[in-house]
1. List every residue pair whose Cβ atoms sit under 8 Å apart, with the two residues 6 or more apart in sequence or on different chains, where the first one lies in the range 143-157 and is under 19 Å from residue 91 (Cα atoms) and the second, anywhere, is among the acidic types (Asp, Glu).
2. Checking the conditions here, which among 42, 25 is modelled with pLDDT under 90, touching a strand residue (DSSP E or B) at 6+ places or on another chain (Cβ under 6 Å) and under 21 Å from residue 165 (Cβ atoms)?
3. Could we say that residue 239 is within 27 Å of the chain's Cα centre (by Cα) and surrounded by fewer than 18 Cβ atoms within 10 Å (Cβ to Cβ) here?
4. Restricted to the range 161-183, and to residues that are at pLDDT 90 or above and of a type outside the set (Gly, Ala, Ser), which residue is surrounded by the most Cβ atoms within 10 Å (Cβ to Cβ)?
5. Restricting attention to the range 119-134, report how many residues are outside any loop (DSSP other than H, G, I, E, B) and either under 18 Å from residue 45 (Cβ atoms) or more than 22 Å from the chain's Cα centre (by Cα) (or both).
6. Need the failing condition index for residue 51 against (1) within 16 Å of the chain's Cα centre (by Cα); (2) in a strand (DSSP E or B), just the number.
7. Which of the following residues is under 23 Å from residue 177 (Cα atoms), among the polar types (S, T, N, Q) and buried (at least 16 other Cβ atoms within 10 Å of the Cβ): 128, 98, 93?
8. Could you check residue 108 against (1) touching a residue at least 40 places away in the same chain (Cβ under 8 Å); (2) outside any loop (DSSP other than H, G, I, E, B) and say which number it fails?
Amino acid sequence: MLLLDTATVPVADRIEIFNAAMLDASVPMTITHEQPEQPIHARMQLWNLGVGELFTSDNSGFRLRRARRHLSMDGRPYLALALQATGLCQFEQFGHQQMVQRGHLMLNDLTAAYDVNWSGLGGSRCFQLPYDRLGLPVDLIRAAVPRIHTSPLYDLVRHHLNYLSSEADRLLDDPGLTSLGNATTELLRALVASAAAEPGRRVQQVRHETLLTRILAYVRRHLTEADLGPQRIAAAHNISRRQLYTLFRQADISLEQWIITQRLEGARVDLSSPASQHRTIAAIARSWGFAGPSHFTTRFRAAYGLSPIEYQQYPDAPDRK
């Protein structure tokens, strides 16, 4: 959902409207603009993922400062994990100062004081989650804030957040969106628990407990690639195919069927999209990893009760499953 695009707002009203949108999407704080005498630029979007929210902002230089006086004001008890998409961000919390470069993460406890700023144009992609949904002690979460880069899950989580934000509009209509939000929550929980642990402790335990979540996130990122299969998935996670199948069997999930179901859902969304009306069925099938249109059509009809072309041509057909 688009919260704000200053390109559609009179220059004289931009700061006031920007501040209102930022405060509505976050918590009480002081907002200072780098060059308030110049027209500011911003585009903010928000998506509800069920358990949490994805908030993105691309805007000109500013500073967000949540001081002690703000803590007594009404504010949502949220934890925010932010990916710096563009620009260089300066972040300070709990006495820890961090320069967050493009493509890197910062963990922000929105119930505490903090200072965030960048100069010039910058962008952030932020997953916001209520404290109680994370299910971790406050002291553990705050211990993780300066240490998330030490976690062995760091690269996985930042790639996942980047994928989530880049595909948010397309994923919004996916029936698996809530499950994706749950998976993102599990990744955040694992990242925090891993980062808060003392060096050398709990790392293997965290990696084992989050292995299935990490594999499902990996598969989602590579669904459109035709060579995605058990051998590649197992190798990417340093386990054998036997271990991979055992893991899925214990979770009562069929790996092959889960991949096919996810690919069919992706293809179904594309078939329903006006932007894909000019594409052939074969092209859509290939783009979702199916070897050919015949196999795709058979699978699609079994799942939805219509052939792909019928689904594309008759969006309101009553016999859809």
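1. 145/109
2. Numbers: 42 fails: modelled with pLDDT under 90.
Result: 25 is the single residue among 42, 25 that is modelled with pLDDT under 90, touching a strand residue (DSSP E or B) at 6+ places or on another chain (Cβ under 6 Å) and under 21 Å from residue 165 (Cβ atoms).
3. Numbers: within 27 Å of the chain's Cα centre (by Cα): yes; surrounded by fewer than 18 Cβ atoms within 10 Å (Cβ to Cβ): yes.
Criteria met by residue 239.
4. Filtering the range 161-183 down to residues at pLDDT 90 or above leaves 161-166.
Then keep just the ones that are of a type outside the set (Gly, Ala, Ser); that gives 161-164.
Details: 161: 22, 162: 16, 163: 15, 164: 24.
Selected residue: 164.
5. Step one: of the range 119-134, the residues outside any loop (DSSP other than H, G, I, E, B) are 122-134.
So of that shortlist, the ones also either under 18 Å from residue 45 (Cβ atoms) or more than 22 Å from the chain's Cα centre (by Cα) (or both) come out as 122-129.
Residues meeting the conditions: 8.
6. With (1) within 16 Å of the chain's Cα centre (by Cα); (2) in a strand (DSSP E or B) applied to residue 51, the lone miss is (2).
7. Values: 98 fails: under 23 Å from residue 177 (Cα atoms); 93 fails: under 23 Å from residue 177 (Cα atoms).
Of the residues listed, the single one that is under 23 Å from residue 177 (Cα atoms), among the polar types (S, T, N, Q) and buried (at least 16 other Cβ atoms within 10 Å of the Cβ) is 128.
8. So the condition that residue 108 fails would be (1).
The values are calculated or read from the model by the stated rules, or taken from the named source; none is laboratory data. For clarity, every value in this text was computed on a predicted model and none was experimentally measured. Glycine also receives a Cβ, built like all others from the backbone with ideal geometry; neighbour counts cover every protein chain displayed.
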